[in-house]
Every structure is written in C-alpha cells, then in structure tokens.
Amino acid sequence: MTSLAVANPGSLIQSVDWVAIAPPLIAAVAALAVLVTDLFLPDRHKRWLGRLAAAGLALALLALLPLTGGSPRATFCLRNVAGATDTTGCSYVADHFALVFQLLALGGALIAALLSMHTVEDQKLPRGEYWFLLLSSATGAALLPASRDLATMVIALEVASLPAFALVALRRDGRGAEAAFKFFVSSVTATAVMLLGIGFVYAASGSLHLGAVAQGLEHAPAQLKALAEAGAVLTLVGFAFKVAAVPFHFWVPDTYTGAPLPVAGYLSVVGKAAGLSGLALATTVAFRPYAHTWGLVLAVLAAVTMTVGNVGALRQRFDTRYSAVRLLAWSSVGQAGYLLVPLAAAGYAPTGADPLGATAAYALIYGVVNLGAFGVVAAVGRRAGTSVDDFRGLFARNRWTALALAFFLLCLAGLPPGVIGLFGKVVVFRAAVDAGLGWLAVVMAVNVVVALYYYLLWTARLFAPADASAVAAEDGAERRLPVGLTATLGLTASAAVVLSVAPQLVLQVAGGSLF
C-alpha cells in the first residue's frame, strides 16, 4: 500500500503575496462591492455606483506603486525539491512588463469609467450591471500581463472578454445585440482554436508554465516538432483576435458602432492591451525556440494589418451615420499593425527586451490619445451626431473641444504639435530597423503617410466655416459638459500635452528591460 504521507507537510503550503496580486484583486473586490451595493441602494442613489467603480479602479492603480522600483515579486509558484521557489514555475509574476500593461489596463478602464458616467444616465443603461461588467473585464485585463502559465492566461483572457460581450449588448436600440453577437461568435471561435493549440503545446512540452514550455519545446522529440509548431500558431490566434490583427479584425467596425461609445473606447485600448500582453508573453517567453518562425509571421501580420486598417479608413465616407466611430475603429486596426512591429522585431533580437519596450511605450501613448478622441466624439455626439461631417466648424462652436480633438488626431498621425505620437512612431520604426526588418520599416513609413490623409481631413473639418444653424443650435443648448466628460477630456489632453513636452516620461520604457 502506497503511503501519501510526506516528511514535511508544511513544505506543501505556500503563502500568497497579497501585495503582488493587489491591483487585479482590488478591481475584483470593487466589482463585487458594486454588485452587492446595487441590490440595496435605492434607484435615486444608484448614480453613486459609478463613483464607487471609479474609486475602485483608482485604488487598484495606487496598488501598483508598492511594486515599482524593486525586484519582481512572484506568487502561486511550484516548489522544487530544496523548498526554494523559481519564477519559471510561478503562475503570477509582478515584473516591469506586468506593471506597465497593468497601468495601461487599469488606467484605460478608469478613463472609460469617467467617460461612461453620463452615457449610463443618458441612455438609461442598467447601472449595477454596467459597472460590475466593466470592473470584471478590467480585472481580467489586469491579470493577463502578470500570468505566467497558459491556463491562467486563458482564464484571464476570458474574464476580460466575457463581460465585454454583455457590455456591448447593453445598448437598447437594436444595434447592440447584433454587435455583441458578431463579437461573441468571433471570440468564441478564436478561443476554441487557441485551446486546441494549447493542448498541442502541452502534449509536446509537458508543461503549461511559460518558461517550462520553452525548455520543453527546445528539447522536444523530432516527431513532435510539427505538433508543437502547429500548437504555437493556433495558440496565438486568440491573442491576435483581441489585438484586432488581420484577418481577425472583421468584428471591429460593427462592434464599435453598435456598442455604447465608452465601451468602444474601452475595447480599443484596454482590450487591445490585454491581447497584446498575452501575445508578447506567449511569443517571447513560451515560444522563444521558434523565434524566427513567429517573428516572420508577426512581421507579415503587422504589414497586412496596418495596410488593411488604413485602407479601410480611407474608404470610410464622412457623411454617413456613425462615421466618426467607424473611422476610429479602422484607425485602431491600423494602429494594431504598428503595435505588432516591435513584437515581430523581438523574434530577430538576441533578447526581447528592447523591442517589447517599444511596444509598451507606443501602447501607452496610443491609449491616452485614443481614449481622448473617443471622449471628444462622445461630447459632440450629445448635441450633434457621430458622423465626421457633424464636426465641421466645431472650432467656432466649442474651440477647446475642437483643439483637444485636433491635438489627439495629430498625435495619432505623428505630426507636431503631437510630439509624443511622433516619438512613438520613431521608436517603433527604429525597432524594425535595428532588427534587420527594413522592408517592414518601409511598409510602416508608407502607411504612416497614407494615414495622414484621413487624420488631416478630419482635422481640417474642425476649422472649416461652421453652418449658421449649427452655431445657433449650439448657442441655444447647454454648453457645459457633464463632469465625467470634462474629467475625461482634461485627463487625456493634459497627459498628451505633458508627454509631448517631456516624452522621456514614457519613452524611457522603450530603453529598459521589461523582464
């Protein structure tokens, strides 16, 4: 009879590093607090739920501070025979990489929450459900960058995705249900393919921890090589879907148009950040033995994605309803191509540190200015509409809002005075050149020039002569923006201006090691 007793039972018990897991944990607790509070709070006081959600996200952001400036902290680790821990066997690691993307995920969710406060009231969305779903999705997005095994990564990805389906469907005009259905079917298909790939990878490597997967693939038997390579490719499909890389981008325009506007902004930044962090971890850590293979695949994917996104934006008519949202949707697809460039470069670099830093820096820049652009679209949509032509003469009606949008568009285009956008593109361009991907740098340069056309065309409409009736209607309407919208525009515009004056605040991320 086999004895199950061990010499030292205490060695099987490990303590949890609560400080390390505090950021996603606080967001999860805030989600539960909102859900429970909603049950007992009278309807007349339920607007406080939004403030509770924003406070929870702000507290989760503050929980990042104790994790900065020191060595990486790990928890949920396997113990070796000596009783010591090794981060390669840990499921959660709070290193520089995780902190940067958690900052982007939780900061983007906070700005989306501020942007949502007037939308929830104006569109009469269910308050408790909305804030619970937003916080739950933000929890998954914050958990994913710190995940270090494939099982935890899949769970985090689904925690970030499943609430997002419901958020899209909360819009009650009929478009929300259609958009959520397209989003759901596409995501489920991508997740099923990814799970099949993870099964192949586990069969070939014998582990789910990312570091152990790399070691297992490097020493896998020759007869399992084809299975391992197929598994690696299939695993990347789920993350490519979240990033909205071609050909997994087709859900983006319809979903952004059908979702409440703050949810569209949330998906364009926080959803993309979650997928990007998972893609970076899977490639540069788990699938490092196949670096040249996935490096070439990501390079081609980046070139096709930025080209399709910019061509789609060029074909967008400015006089159609929701054309401003659709233009930002196609723009986000093009920006996803730029974000993939440093990841592709990491496949050709001795280590993935510097190229990953370029991706993180550009993602932070993109997150600030893109959420700001969505905030302006939400502000204008309250009085006019969300077609690009509705922005004609905005400077004559509301000069500060027009100047803010012009600045955000110039940042996305990479033109002065949007200096931070220019520096971000230069950092990405340099990563491609340093990795020997000159052809990809040329494709990126061409796409940047192409994108200037629709960004500048939209900017020019802001300063075009205004329609007299539109100005009169604006003068007769309430000019004061809701507090949430004002805070959104103030935060994003201030951050973009500060980063343009002192770009080293974010560009230093590109120069350091993330692992």
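The values are calculated or read from the model by the stated rules, or taken from the named source; none is laboratory data. Source: prediction; values computed, not measured. We place every Cβ from the backbone using ideal geometry, glycine too, and count neighbours over all the protein chains shown. In case anyone asks, the SASA skips ligands and DNA or RNA and just uses the protein heavy atoms, side chains included. Shrake-Rupley method; radii C 1.70, N 1.55, O 1.52, S 1.80 Å.
Answer yes or no as to whether L157 is in contact with a Lys or Arg (Cβ under 9 Å, 6 or more places away or on another chain) and modelled with pLDDT under 90. No.
Looking at this structure, is A245 among the small types (G, A, S), outside any helix (DSSP H, G or I) and over 22 Å from S137 (Cα atoms)? So A245 fails the test. Hey, does the range 115-131 have a residue that's in a loop (DSSP other than H, G, I, E, B), open to solvent by 10 Å² or more (accessible area, probe 1.4 Å), at pLDDT below 90 and in contact with a Gly (Cβ under 8 Å, 6 or more places away or on another chain)? No.
If we keep just the residues of the range 456-480 that are modelled with pLDDT of 65 or more, open to solvent by 30 Å² or more (accessible area, probe 1.4 Å) and among the hydrophobic types (A, V, I, L, M, F, W, C), which is nearest to the chain's Cα centre (by Cα)? Applying the filter and picking the extreme gives L456. Among the candidates A384, A324, A373, the residue that is surrounded by fewer than 24 Cβ atoms within 10 Å (Cβ to Cβ), of a type in the set (A, V, I, L, M), in contact (Cβ under 8 Å) with a residue 40 or more places away in the chain and farther than 18 Å from L276 by Cα is uniquely A384.
Cβ separations smaller than 6 Å between residues 6+ apart or across chains give the following pairs from the range 197-212 residues that are among the aromatic types (F, W, Y) to residues that are surrounded by fewer than 23 Cβ atoms within 10 Å (Cβ to Cβ) and assigned to a helix (DSSP H, G or I): F200/L227; F200/A230.
If you take the residues in the range 495-512 that are β-branched (V, I, T) and open to solvent by less than 20 Å² (accessible area, probe 1.4 Å), which one is modelled with the lowest pLDDT? Can you show your working first?
Step one: of the range 495-512, the residues β-branched (V, I, T) are 497-498, 501, 506, 509.
From what is left, the residues that are open to solvent by less than 20 Å² (accessible area, probe 1.4 Å) are 506, 509.
Numbers: V506: 77, V509: 65.
So the residue we want is V509.
Remark: pairs (first residue in the range 491-510, among the hydroxyl-bearing types (S, T, Y); second residue surrounded by fewer than 21 Cβ atoms within 10 Å (Cβ to Cβ) and assigned to a helix (DSSP H, G or I); Cβ separation under 7 Å; 6+ apart in sequence or on different chains) = S500/V419. Give the range 137-185 a look and list any residue that's farther than 15 Å from W251 by Cβ and β-branched (V, I, T), or say none. Listed by number, the residues that qualify are T139, T152, V154, I155, V159. Taking the numbered list (1) open to solvent by 20 Å² or more (accessible area, probe 1.4 Å); (2) modelled with pLDDT of 90 or more in turn, C411 passes all entries but (1). Considering (1) assigned to a helix (DSSP H, G or I); (2) open to solvent by 10 Å² or more (accessible area, probe 1.4 Å); (3) closer than 27 Å to Q335 by Cα; (4) in contact with a helix residue (DSSP H, G or I) (Cβ under 8 Å, 6 or more places away or on another chain), the lone condition that A212 does not fulfil carries the number (3).
Which residues, counting only those in the range 52-81, are open to solvent by 90 Å² or more (accessible area, probe 1.4 Å) and farther than 24 Å from L143 by Cβ? Once the filter is applied, which keeps residues that are open to solvent by 90 Å² or more (accessible area, probe 1.4 Å) and farther than 24 Å from L143 by Cβ, the range 52-81 yields only V81. Just so you know, in the range 422-455 the residues that are aliphatic (A, V, I, L, M) and not in a helix (DSSP H, G or I) include one that is least open to solvent (accessible area, probe 1.4 Å), and it is L437. Residues of the range 483-494 that are open to solvent by less than 70 Å² (accessible area, probe 1.4 Å) and either at pLDDT below 75 or within 20 Å of the chain's Cα centre (by Cα) (or both): T488, L489, T492, A493.
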